[in-house]
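Colleague: So that we are looking at the same thing, I have put the structure below in structure tokens.
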């Protein structure tokens with residue numbers, strides 16, 4: 001491929017088709033596709049040949065490589081992908097691949113900026129690999145590409161709305177129990193969170209060896225809110241009780257007034273000052289011994305149960321508010337670079 005340019009009117013460079021000269025069958029070993037395409041199959045441009053034997057053959061090409069992502073800290077993750085190039089027919093004795101001598105840096109310019117990833121670094125390494133099929137090793141050139149995911153999209157459209165829905169769910173404990181809207185509101189918020197869970201799962205690779213923090217947090221929050229919805233329904237049931245008296249121990253622990261005992265004390269005071277009224281009350285009580293509950297006791301029981309339910313609403317609201325904040329911290333502390341530790 002060398003010639004004396006003086007013999008050809010000073011011509012030192014010519015362009016030749018790739019089918020007119022020898023070209024190496026360089027392939028990407030860890031390609032995404034089952035069929036490996038070499039440079040000879042992809043590059044259709046002409047080669048630049050100089051009179052000193054130097055040949056340059058290049059063309060913009062998109063390679064699809066197979067990498068092992070680590071999505072533990074999605075969407076705040078950084079990925080490192082290794083691309084291994086080499087020949088499948090020429091051993092290292094016949095074809096030696098060496099780095100071109102170009103130093104990549106974090107300021108490497110791409111043909112087109114990517115809105116999802118930021119290029120951090122590209123490094124290249126020369127080496128060799130040996131296959132079981134062949135006695136000789138093959139020359140390889142390995143490129144390691146480090147990228148960082150741009151997370152603004154996920155924070156604006158997924159994380160912030162999902163967190164807002166989790167805190168909005170706490171209003172289920174403020175909605176009046178008798179309005180009939182408490183359970184409907186809670187189920188509606190849970191369905192909205194489910195939609196965001198589907199969006200998150202669709203953005204992640206289908207793998208079971210890595211547990212993304214964001215996915216684990218949202219599942220934990222979802223189960224916690226399901227429990228909160230069940231407790232809100234429990235409060236609705238106890239807040240409407242009126243036929244049975246609340247346990248005395250519960251009334252004392254919550255420092256709730258015993259209305260039934262207050263009525264009995266008032267009747268005793270009245271009886272001491274008015275004997276006739278006492279006899280009337282005594283007769284009325286004897287008549288209603290076989291009845292379930294008197295009308296006064298029913299109102300008193302209902303008030304006591306309502307105060308217990310009000311207290312539990314406040315208690316559950318504060319507890320789940322703290323859990324929404326603490327759960328992500330606990331899960332993050334239990335994660336390593338490959339999911340749950």
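Colleague: Filter segment 45-79 down to the residues that are modelled with pLDDT of 85 or more and in a strand (DSSP E or B) and list them by number.
Modeller: 47, 48, 49, 50, 52, 55, 56, 78, 79
Colleague: Evaluate segment 203-217: report whether one residue or more is assigned to a helix (DSSP H, G or I) and either farther than 23 Å from residue 323 by Cβ or out of contact with any helix residue (DSSP H, G or I) (no Cβ under 7 Å at 6 or more places or on another chain) (or both).
Modeller: no
Colleague: Okay, moving on. From (1) assigned by TED's automatic domain parsing to the domain that holds residue 8; (2) at pLDDT below 80, pick out the condition that doesn't hold for residue 106.
Modeller: (1)
Colleague: Which residue, of 40, 82, is at pLDDT below 85 and either part of a loop (DSSP other than H, G, I, E, B) or at negative phi (or both)?
Modeller: 40
Colleague: Do we find that residue 125 is in contact with a strand residue (DSSP E or B) (Cβ under 6 Å, 6 or more places away or on another chain), outside the structural domain of residue 218 (by TED's automatic domain parsing) and either part of a loop (DSSP other than H, G, I, E, B) or at pLDDT below 85 (or both) in this structure?
Modeller: Judged against the criteria, residue 125 is not a match.
Colleague: Another one. Among the residues of segment 66-80, count how many are over 14 Å from residue 215 (Cα atoms) and either buried (at least 17 other Cβ atoms within 10 Å of the Cβ) or touching a residue at least 40 places away in the same chain (Cβ under 8 Å) (or both).
Modeller: Count: 4.
Colleague: Looking at segment 111-136, I want the residues that are within 22 Å of residue 75 (Cβ to Cβ) and have a partner that is modelled with pLDDT under 80 and outside any loop (DSSP other than H, G, I, E, B) with Cβ atoms under 6 Å, at least 6 apart or on another chain. Which pairs are those?
Modeller: Correct list of pairs: empty, since none qualify.
So that you can scan it fast, the table gives a plain yes or no per residue for (1) farther than 17 Å from residue 79 by Cα; (2) touching a helix residue (DSSP H, G or I) at 6+ places or on another chain (Cβ under 9 Å); (3) assigned to a strand (DSSP E or B):
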position	(1), (2), (3)
143	no, no, yes
156	yes, no, no
169	yes, yes, no
184	yes, no, no
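Colleague: Now, a different point. State all residues of segment 298-341 that are touching a helix residue (DSSP H, G or I) at 6+ places or on another chain (Cβ under 7 Å) and modelled with pLDDT under 60; if no residue qualifies, say none.
Modeller: Of everything in segment 298-341, nothing turns out to be touching a helix residue (DSSP H, G or I) at 6+ places or on another chain (Cβ under 7 Å) and modelled with pLDDT under 60.
The values are calculated or read from the model by the stated rules, or taken from the named source; none is laboratory data. Because the structure is a prediction, the values reported are computed rather than measured. When we count neighbours, we look across all protein chains shown, and the Cβ atoms used for this are built from the backbone with ideal geometry, even at glycine.
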